[in-house]
Amino acid sequence: MTVIGVLALQGDVREHVAALAGAGADARPVRRPAELDAVDGLVIPGGESTTISKLVDIFELREPIDKRIAAGLPVYGSCAGMIMLAAEVLDGRSDQRGFDGIAMTVRRNAFGRQVDSFEAPVALTGVDGGPFHAVFIRAPWVERVGDGVEVLGRVAEGPAGDRIVAVRQGNLLATSFHPELTGDLRLHRYFVEMVRTASAG
Ligand code: GLN
């Protein structure tokens, strides 16, 4: 069975484990390098990217994760996880650091302080069955993408319409929103399929 880890340092780990299991994966929390070694794919959950960044160093996971990403490990980052996968972060803390991830610039807490959270439909390239009911919680948006990054979705409605909120670059996937909170498993299935394809290749 496809083994997918959820980085379990901080954030909504349990919800991702449940959604991945529902999507047919053997889902496990990952806190230690040895646990990372055992997975075919990794989810970085939403939470607080500055805290996750600190804990990644404390738990000595930075180098192992960067190495696995360089070797093609499929990784899906949601919200804070998207920030951890961004090559460049605007409005971040000066000491927060992400992985060697997607060639994109994201802006933290981008939708504005008044609008902490909102929900909006988002159509995703490669995900059938109609727009996703996307939940945004102090979410980042993608301000720029570099070569090789495919834009999968934009938010048309909401506080600052037409922003990029879902991207993919090779085996790396990121969304500004939280599919693990709505019971719609399509995005987790999409990621499980990415991991299966990568493992088969
Ligand atoms: N604002 C958070 C951060 O900067 C992300 C919020 C979330 O993951 N729901 O990390």
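The values are calculated or read from the model by the stated rules, or taken from the named source; none is laboratory data. Being a predicted model, the structure only gives us computed values, none of them experimental. Note that each Cβ is placed from the backbone with ideal geometry, even for glycine, and that neighbours are counted across all protein chains shown.
For the reader, a short list of remarks on this structure follows.
- Among (1) basic (Lys, Arg); (2) in contact with a helix residue (DSSP H, G or I) (Cβ under 8 Å, 6 or more places away or on another chain); (3) within 16 Å of the ligand (Cβ to nearest atom) - the single one LYS54 does not satisfy: (2)
- Applying a threshold of 8 Å to beta carbon distances and a minimum spacing of six or more residues, or different chains, the list of pairs starting in the stretch 70-93 at a residue that is at positive phi and ending at one that is more than 11 Å from the ligand (Cβ to nearest atom) reads GLY72/GLY170; GLY72/ASN171; GLY72/ALA198.
- Screening ALA123 on (1) among the aliphatic types (A, V, I, L, M); (2) surrounded by 21 or more Cβ atoms within 10 Å (Cβ to Cβ); (3) over 14 Å from the mean Cα position of the chain (by Cα) shows it passes everything except condition (2).
- Count of residues meeting criterion [hydroxyl-bearing (Ser, Thr, Tyr) and in contact with a strand residue (DSSP E or B) (Cβ under 8 Å, 6 or more places away or on another chain)] in the stretch 1-57: 2
- Residues that are assigned to a helix (DSSP H, G or I) and either surrounded by fewer than 24 Cβ atoms within 10 Å (Cβ to Cβ) or of a type in the set (D, E, K, R) (or both) within the stretch 5-22 comprise VAL13, ARG14, GLU15, VAL17, ALA18, ALA21, GLY22, listed in sequence order.
- Restricting the stretch 84-99 to residues that are charged (D, E, K, R) and more than 18 Å from LEU9 (Cβ to Cβ), the residue that is nearest to the ligand (Cβ to nearest atom): ASP91
- Meets criteria (within 14 Å of the ligand (Cβ to nearest atom), touching a Lys or Arg at 6+ places or on another chain (Cβ under 8 Å) and within 27 Å of ARG189 (Cα to Cα)) for VAL106: no
- Single match in LEU172, LEU185 (criterion: within 13 Å of LEU73 (Cβ to Cβ), in contact (Cβ under 8 Å) with a residue 60 or more places away in the chain and out of contact with any Ser or Thr (no Cβ under 9 Å at 6 or more places or on another chain)): LEU172
- Condition broken by LEU152, with the remaining ones in (1) part of a loop (DSSP other than H, G, I, E, B); (2) at pLDDT 95 or above; (3) more than 16 Å from the ligand (Cβ to nearest atom) satisfied: (1)
- Flag if PHE191 is more than 16 Å from the ligand (Cβ to nearest atom) and either under 14 Å from the mean Cα position of the chain (by Cα) or more than 21 Å from ALA71 (Cα to Cα) (or both): yes
- For ALA120: the one exception among (1) near the ligand (Cβ under 10 Å from one of its atoms); (2) part of a strand (DSSP E or B): (1)
- Count of the stretch 41-56 residues which are touching a Lys or Arg at 6+ places or on another chain (Cβ under 8 Å) and touching a residue at least 40 places away in the same chain (Cβ under 8 Å): 4
- Residue that is surrounded by the fewest Cβ atoms within 10 Å (Cβ to Cβ) [pool: residues in the stretch 24-52 that are within 14 Å of the chain's Cα centre (by Cα) and farther than 19 Å from ARG196 by Cβ]: GLU48
- Scanning the stretch 58-97 for residues that are over 16 Å from ASN171 (Cβ atoms), outside any strand (DSSP E or B) and not hydroxyl-bearing (Ser, Thr, Tyr) yields a total of 16.
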